[in-house]
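The values are calculated or read from the model by the stated rules, or taken from the named source; none is laboratory data. Keep in mind that what you see is a predicted model, and the values were worked out from it rather than measured. Positions of Cβ are generated from backbone atoms using ideal geometry, with glycine treated the same way; all protein chains shown enter the neighbour counts. Accessible surface is based on the protein model in full, side chains and every heavy atom, while ligands, DNA and RNA are left aside. Shrake-Rupley method; radii C 1.70, N 1.55, O 1.52, S 1.80 Å.
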Amino acid sequence: MKLRKVTAASATALVIALTATACGGDSDSGDSGSGGGDKIKIGIKYDQPGLGLKEPDGSFSGFDVDVATYVAKELGYKPDQIEWVETKSADRENALARGDVKMIAATYSITDERKQKVDFAGPYLLAHQDLLVKADSDIKEGTDLNGKKLCSVTGSTSAQNVKDKIAPKAQLQQLGGYSECIAGLQSDQLDALTTDDAILAGFAAQDQYKGQFKLTGLKLSNENYGIGVKKGDTATVNKINDALEKMVSDGAWDKAVKDNFGPANYKNEPAPKIGQIVQ
Ligand code: GLU
């Protein structure tokens, strides 16, 4: 009898604990979308200076961080209500499908293939695939990249473009993040790191790399950055698009460009029109 009582009490406690967890989970992921939740989880990159970077002091910087912070504010979340989550290139679709994050602003190109699995707001930036090479490299426009040792990231359009069109016979090494390619480039084990020019400019401008690398200036593709959300979450897509339009019209987009790309000397394209994809 005594034992049964204890068990019942424990069961009640367990139900309360589970209920509390479930509620916390809901508000944590900002499921209301329109704000009012405690927190919103946003996926970004942690290793891309100028776009999405986790600083040594634990703070976050970059154009994607600024765009996401602005969008979150429009959705009803203050900066201290944002929980940043690292979403590497290969993890993005799954992170959204699982509901790990409400949205992803992580140099995330809008593509037809990805649109099968996630929805996108935007675009909010147009970048182009390029090559980062050693300052003394002779790779330039017209150089055949087949046979060259290129490094890129698993799950990125950059790696896919190399295989599909840029140089199907290149020796392509695919790593987890772009920062992982840099050491191989420095030690001449690689001929080039290839991804979006905006990302490469951010690396090249880092104090520790100054003067060591150069961008070739080849516009190898159009990369239309969107903000990814869970497939079917049209309400959030619409709210994000409104926020992005406002960010451009009130000058905050220009300021974010200047703050983040200025130091890297990156010449960005003008703000894209919402819904207009450059093929
Ligand atoms: N923008 C490209 C992509 O979405 C390359 C950068 C990245 O891997 O995040 O795949």
| task | May I ask you to verify whether Y77 is surrounded by 21 or more Cβ atoms within 10 Å (Cβ to Cβ), aromatic (F, W, Y) and at pLDDT 95 or above? | result | yes
| request: Output the number of the condition that M247 fails; it satisfies all remaining conditions of (1) assigned to a helix (DSSP H, G or I); (2) surrounded by fewer than 14 Cβ atoms within 10 Å (Cβ to Cβ). | output: (2)
| message | Quick test of your reading of the structure: Y225 fulfils all but one of (1) under 24 Å from I182 (Cα atoms); (2) open to solvent by less than 50 Å² (accessible area, probe 1.4 Å); (3) part of a loop (DSSP other than H, G, I, E, B). Name the failing condition by number. | response | (3)
| field | Candidates A121, A106, filtered to the one that is in a loop (DSSP other than H, G, I, E, B) and surrounded by 24 or more Cβ atoms within 10 Å (Cβ to Cβ) | value | A106
| query | R98 fails exactly one of the following numbered conditions: (1) of a type outside the set (A, V, I, L, M); (2) open to solvent by 50 Å² or more (accessible area, probe 1.4 Å); (3) more than 30 Å from D250 (Cβ to Cβ); (4) over 19 Å from the mean Cα position of the chain (by Cα). What is the number of that condition? | reply | (4)
| query | For the stretch 59-80, does any single residue satisfy the condition of being more than 15 Å from the ligand (Cβ to nearest atom), within 17 Å of the chain's Cα centre (by Cα), among the hydroxyl-bearing types (S, T, Y) and part of a strand (DSSP E or B)? | reply | yes
| message | I need a count of the residues in the stretch 40-52 that are touching a Lys or Arg at 6+ places or on another chain (Cβ under 9 Å) and within 13 Å of the ligand (Cβ to nearest atom). | response | 7
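Residues checked against (1) within 13 Å of the ligand (Cβ to nearest atom); (2) within 29 Å of W253 (Cβ to Cβ); (3) open to solvent by 10 Å² or more (accessible area, probe 1.4 Å); (4) outside any loop (DSSP other than H, G, I, E, B):
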residue: R114; (1), (2), (3), (4): yes, yes, yes, yes
residue: L125; (1), (2), (3), (4): yes, yes, no, yes
residue: L131; (1), (2), (3), (4): no, yes, no, yes
residue: G147; (1), (2), (3), (4): no, no, yes, no
residue: C151; (1), (2), (3), (4): yes, no, no, yes
residue: N161; (1), (2), (3), (4): yes, yes, yes, yes
residue: K165; (1), (2), (3), (4): no, no, yes, yes
residue: L172; (1), (2), (3), (4): no, no, yes, yes
residue: Q189; (1), (2), (3), (4): no, no, yes, no
| message | Criterion first (among the hydrophobic types (A, V, I, L, M, F, W, C) and closer than 28 Å to G176 by Cβ) does L218 satisfy it? | response | yes
| message | Taking the conditions exactly as written (open to solvent by 80 Å² or more (accessible area, probe 1.4 Å), closer than 24 Å to Q206 by Cβ, among the polar types (S, T, N, Q) and touching a residue at least 60 places away in the same chain (Cβ under 8 Å)), does N260 satisfy them or not? | response | no
| task | Tell me, yes or no, whether the stretch 133-144 has at least one residue that is within 11 Å of the ligand (Cβ to nearest atom) and open to solvent by less than 10 Å² (accessible area, probe 1.4 Å). | result | no
| said: Tell me yes or no: at least one residue of the stretch 19-38 is at pLDDT 95 or above and outside any helix (DSSP H, G or I). | reply: no
| message | Looking at the stretch 85-95 only, could you name the residues that are open to solvent by 10 Å² or more (accessible area, probe 1.4 Å) and either near the ligand (Cβ under 10 Å from one of its atoms) or small (G, A, S) (or both)? | response | K88, A90
| request: Only residues that are aliphatic (A, V, I, L, M) and touching a helix residue (DSSP H, G or I) at 6+ places or on another chain (Cβ under 6 Å): list them for the stretch 85-105, please. | output: V101, I104, A105
| note | Looking across the stretch 85-103 at residues that are among the aliphatic types (A, V, I, L, M) and not in a strand (DSSP E or B), the single one that is farthest from Y209 (Cα to Cα) is A97
| request: Starting from the stretch 61-82, take each residue that is over 21 Å from I199 (Cα atoms) and list its partners that are of a type outside the set (A, V, I, L, M) and in a helix (DSSP H, G or I), counting only C-beta distances under 6 angstrom and pairs at least six apart or across chains. | output: L75/K239; P79/T69
